[in-house]
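Enquirer: Sharing a structure with you now.
The values are calculated or read from the model by the stated rules, or taken from the named source; none is laboratory data. Computed from a prediction, not measured in an experiment: that's the story for all the values here. Cβ sites come from the backbone with ideal geometry, for glycine too, and all protein chains shown count toward neighbours.
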Amino acid sequence: MFGKKKSKTLVITGTNAKSSVARIITFLLEHQGLVVNTIENKQRKADIDVLTLSPEKITEFLGKNNTIDFLVVTNIAWTNDNHYLTLDETADQISQLVKVTKDTVILYRDDERIYRLGESKDKKANVLYFGIDDKLRKNFLNDDEYFTDRKLDEFDTEPVLDTWVKKISYIPNNEVVLMDFSMMSLGGEYGQGSCTAVYSVNGFKQWINLSSDKLEYAFNIAPAIAVVRAVLKNDLQGQELSLSVTQYRPQLDLDEVFEISNSTSLRVALNGQKNIPTMFVVQDSDDLKYFWTTNFKKKIDIITGNQAYDLAVRLFYSFSPYGKIEPDIDLALEMFNKLSNREKQIFATPKGIDELNKRGKNG
């Protein structure tokens with residue numbers, strides 16, 4: 001597509017959802033006939049290189065690379081991986097990427113800290129935004145909103161969105177916005193994978209059938225659509241866009257595994273928690289204080305890992321329901337697999353994910 005020119009570079013950065021968004025982007029670009037180079041699938045002659053980059057690795061990355069063609073910023077949240085950086089310092093790191101991006105920067109509009117990156121006087125690229133409608137926003141609160149507006153003496157009180165949300169509809173260049181999400185397909189059927197998301201794409205509504213019934217998946221589609229349209233110079237829309245997204249299948253195991261690395265990913269996972277058997281793998285030795293600021297509403301059936309009892313204490317003092325505590329992951333998996341339910345889900349911290357991978361439980 002880009003002729004004999006050097007391949008383009010797309011960088012996806014932020015705290016959460018980098019890999020998920022990268023996989024969707026890769027699929028959509030390949031579906032349009034582009035050759036995509038990724039860490040998992042290296043191509044000698046590619047049209048575009050798709051890279052994921054953690055904020056704490058930006059300085060090292062820029063020491064080796066001085067230009068980026070396309071940049072996507074998913075979100076900024078506190079995490080164990082970059083606990084030595086404040087949220088503002090993380091934004092400052094990402095701003096260095098904005099300065100060297102040549103073609104298009106795509107930012108999450110619903111976080112003021114990220115939105116302001118697009119106001120940099122040093123930027124060279126065009127700036128577009130993706131976001132989510134007000135009625136769905138409570139599922140994707142940023143750390144500022146959650147911890148500032150939350151009444152700590154009323155544990156079940158929902159946080160109130162700050163005034164920034166009221167300004168969002170007036171922001172120009174809203175390229176893709178997730179407007180609505182339904183558990184019913186366009187054909188009127190209910191069931192797993194039979195879901196419809198409504199997006200505003202460059203101001204036009206687009207109804208798309210999705211293969212996953214998770215709201216966070218529908219949300220991750222938004223930045224993917226925005227960047228793919230930027231790469232293709234808006235040559236992906238209407239029915240062709242809908243068919244491309246519908247054909248993508250997220251990588252899910254029989255037991256769906258959700259990685260928990262910070263307060264944002266924990267809140268999103270708990271908001272999407274189904275009434276099915278749930279196991280929590282807490283294997284990290286890092287500070288897990290964000291567990292104490294999040295409300296567990298549904299039962300955790302099995303808690304395992306070397307910090308299983310720490311999580312159990314947190315649940316006990318917040319009167320949250322939980323079942324068995326088994327620090328031995330192998331024994332816990334054996335118990336979990338004996339449950340007769342066909343559908344199950346696992347929440348795990350990053351090192352918990354590593355332990356599950358060793359046992360073949362995550363892909």
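Residue by residue, here is whether (1) among the β-branched types (Val, Ile, Thr); (2) in a loop (DSSP other than H, G, I, E, B); (3) modelled with pLDDT under 90 holds:
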site: Ile303; (1), (2), (3): yes, no, no
site: Leu311; (1), (2), (3): no, no, yes
site: Arg314; (1), (2), (3): no, no, yes
site: Ser320; (1), (2), (3): no, yes, yes
site: Gln345; (1), (2), (3): no, no, yes
site: Gly352; (1), (2), (3): no, no, yes
site: Asn357; (1), (2), (3): no, no, yes
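Enquirer: Inside region 46-75, can you point out the residues that are part of a loop (DSSP other than H, G, I, E, B), at pLDDT below 90 and either within 15 Å of Gln96 (Cα to Cα) or charged (D, E, K, R) (or both)? If you could, list the steps in order and put the result at the bottom.
Expert: The first filter runs over region 46-75 and keeps only residues part of a loop (DSSP other than H, G, I, E, B), leaving 46-47, 54, 63-67, 74-75.
Those left that are additionally at pLDDT below 90: 46, 54, 63-67, 75.
The answer is Ser54, Gly63, Lys64, Asn65, Asn66, Thr67.
Enquirer: Being among the hydrophobic types (A, V, I, L, M, F, W, C), over 19 Å from Asp284 (Cα atoms), in the same structural domain as Lys299 (by TED's automatic domain parsing) and within 28 Å of the chain's Cα centre (by Cα), is that true of even one residue in region 342-356? So that I can check it myself, show each step before the final result.
Expert: Keep residues of region 342-356 that are among the hydrophobic types (A, V, I, L, M, F, W, C), which gives 346-348, 353, 356.
Within this subset, residues satisfying the condition of being over 19 Å from Asp284 (Cα atoms) are none.
Within region 342-356 (the criterion being among the hydrophobic types (A, V, I, L, M, F, W, C), over 19 Å from Asp284 (Cα atoms), in the same structural domain as Lys299 (by TED's automatic domain parsing) and within 28 Å of the chain's Cα centre (by Cα)), the answer is no, since none of the residues qualifies.
Enquirer: I'm trying to understand the selection: among the residues of region 211-225, which are aliphatic (A, V, I, L, M) and at pLDDT 85 or above?
Expert: Step one: of region 211-225, the residues aliphatic (A, V, I, L, M) are 215, 218, 221-222, 224-225.
The answer is Ala218, Ile221, Ala222, Ala224, Ile225.
Enquirer: Separate question: Looking at Leu161, Leu128, Leu136, which is the one that is modelled with pLDDT under 75 and not small (Gly, Ala, Ser)? Don't jump to the end; show me each part of the working.
Expert: Numbers: Leu128 fails: modelled with pLDDT under 75; Leu136 fails: modelled with pLDDT under 75.
Exactly one residue qualifies, and that residue is Leu161.
Enquirer: Exactly one of (1) more than 18 Å from the chain's Cα centre (by Cα); (2) at pLDDT 90 or above is unmet by Thr38. Its number?
Expert: Among (1) more than 18 Å from the chain's Cα centre (by Cα); (2) at pLDDT 90 or above, Thr38 violates only (2).
Enquirer: State all residues of region 242-260 that are within 14 Å of Asp213 (Cα to Cα), in a loop (DSSP other than H, G, I, E, B) and modelled with pLDDT of 75 or more; if no residue qualifies, say none.
Expert: Passing the criteria: only Tyr248.
Enquirer: Filter region 90-127 for residues that are within 18 Å of Lys18 (Cβ to Cβ) and hydrophobic (A, V, I, L, M, F, W, C) and give the result.
Expert: Matches in region 90-127: Ala91, Ile94, Leu97, Val98, Val105, Ile106, Leu107, Ile114, Leu117.
Enquirer: Look through Asn306, Asn337 and report the one residue that is under 27 Å from the mean Cα position of the chain (by Cα), assigned by TED's automatic domain parsing to the domain that holds Ile260 and surrounded by fewer than 18 Cβ atoms within 10 Å (Cβ to Cβ). If you could, list the steps in order and put the result at the bottom.
Expert: Details: Asn337 fails: under 27 Å from the mean Cα position of the chain (by Cα).
So the residue among Asn306, Asn337 that is under 27 Å from the mean Cα position of the chain (by Cα), assigned by TED's automatic domain parsing to the domain that holds Ile260 and surrounded by fewer than 18 Cβ atoms within 10 Å (Cβ to Cβ) is Asn306.
Enquirer: Just to verify a result, which residue in region 102-121, among those that are in contact (Cβ under 8 Å) with a residue 24 or more places away in the chain and part of a loop (DSSP other than H, G, I, E, B), is farthest from the chain's Cα centre (by Cα)?
Expert: Ser120
Enquirer: Hey, can you tell me all the residues within region 193-218 that are among the aromatic types (Phe, Trp, Tyr) and touching a strand residue (DSSP E or B) at 6+ places or on another chain (Cβ under 6 Å)?
Expert: Tyr199, Trp207
Enquirer: Might you let me know whether region 185-199 holds any residue that is of a type in the set (A, V, I, L, M), at pLDDT 80 or above and surrounded by fewer than 19 Cβ atoms within 10 Å (Cβ to Cβ)? Outline the logic, then answer.
Expert: Here is the first cut: in region 185-199, the ones of a type in the set (A, V, I, L, M) are 186, 197-198.
Imposing the further condition that a residue be at pLDDT 80 or above reduces the set to 197-198.
Subsequent filtering for residues that are surrounded by fewer than 19 Cβ atoms within 10 Å (Cβ to Cβ) retains 198.
Checking region 185-199: at least one residue is of a type in the set (A, V, I, L, M), at pLDDT 80 or above and surrounded by fewer than 19 Cβ atoms within 10 Å (Cβ to Cβ).
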